[in-house]
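Have a look at the structure below, then the notes.
The values are calculated or read from the model by the stated rules, or taken from the named source; none is laboratory data. Note that the coordinates shown come from a computational prediction; the quantities given were computed from them, not determined experimentally. All Cβ positions, glycine included, derive from the backbone under ideal geometry; neighbour counts span all protein chains shown.
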Amino acid sequence: MAVIVDGTDGDADGFVPLIQEDALGLDRIRAFTVRDWPIIVVRSAIGVRALLNRCSHAAAPLENGRIRRDTIICPLHGAQFDLSTGACRSTGSGYLPVRTFPVRIGNGIIAVQVPDGPPAVDDLPIRP
């Protein structure tokens, strides 16, 4: 279940504080809705990353996926996406990249920058 954050407490650069850094364990995923954008925040061995909570293939939420090395694996069909770039690493799939968002960590708080405008329909996951 995603934590809803209205984003009104964002800073001048548009970064919205989401979670204490130490509350996000290694290889863990947390789902948030920030200014209506469905995102996941992930900590892996390469650091903390934020991605759209939507697989580019079947629009499934990625929040129940698995983290393996520097990829997230879609729980619906196993497509693998690079945590840093969002690029699909599944050989021969032709899936589009998953959108990524800038992350900033300061004073022990993970903050994410999302667009000012609302997400388009193609940015929203399909939920069963």
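Would you list the strands (runs of 3 or more DSSP E) that sit entirely within the stretch 54-128 and hold 3 or more residues that are of a type in the set (Val, Ile, Thr) and more than 22 Å from Arg35 (Cα to Cα)?
Passing ranges, in order: 71-73.
Hey, any hits in the stretch 78-88 for a residue that's touching a residue at least 40 places away in the same chain (Cβ under 8 Å) and out of contact with any Gly (no Cβ under 7 Å at 6 or more places or on another chain)?
Looking through the stretch 78-88, at least one residue is touching a residue at least 40 places away in the same chain (Cβ under 8 Å) and out of contact with any Gly (no Cβ under 7 Å at 6 or more places or on another chain).
Return a yes/no flag: does the stretch 77-93 have any residue that is under 16 Å from Val5 (Cβ atoms), touching an Asp or Glu at 6+ places or on another chain (Cβ under 8 Å) and not hydroxyl-bearing (Ser, Thr, Tyr).
Quick first cut of the stretch 77-93, residues under 16 Å from Val5 (Cβ atoms) only: none.
Among the residues of the stretch 77-93, not one is under 16 Å from Val5 (Cβ atoms), touching an Asp or Glu at 6+ places or on another chain (Cβ under 8 Å) and not hydroxyl-bearing (Ser, Thr, Tyr), which makes the answer no.
Right, Leu51: modelled with pLDDT of 95 or more, in a loop (DSSP other than H, G, I, E, B) and of a type outside the set (Asp, Glu) or not?
When the stated conditions are applied, Leu51 does not pass them.
Tell me which of these Arg30 doesn't satisfy, since it passes every other one: (1) more than 20 Å from Pro17 (Cα to Cα); (2) surrounded by 15 or more Cβ atoms within 10 Å (Cβ to Cβ).
Going through (1) more than 20 Å from Pro17 (Cα to Cα); (2) surrounded by 15 or more Cβ atoms within 10 Å (Cβ to Cβ) one by one, Arg30 breaks only (1).
Taking Gly94 as meeting all but one of (1) at pLDDT 95 or above; (2) of a type in the set (Gly, Ala, Ser); (3) surrounded by fewer than 19 Cβ atoms within 10 Å (Cβ to Cβ), write down the number of the exception.
Single failed check for Gly94: (1).
With respect to Asp27, is the statement that it is over 20 Å from Arg127 (Cβ atoms), of a type in the set (Asp, Glu) and within 15 Å of the chain's Cα centre (by Cα) true?
In short, yes.
Condition check: at pLDDT below 85 and polar (S, T, N, Q). Does Thr33 satisfy that?
The answer is no for Thr33.
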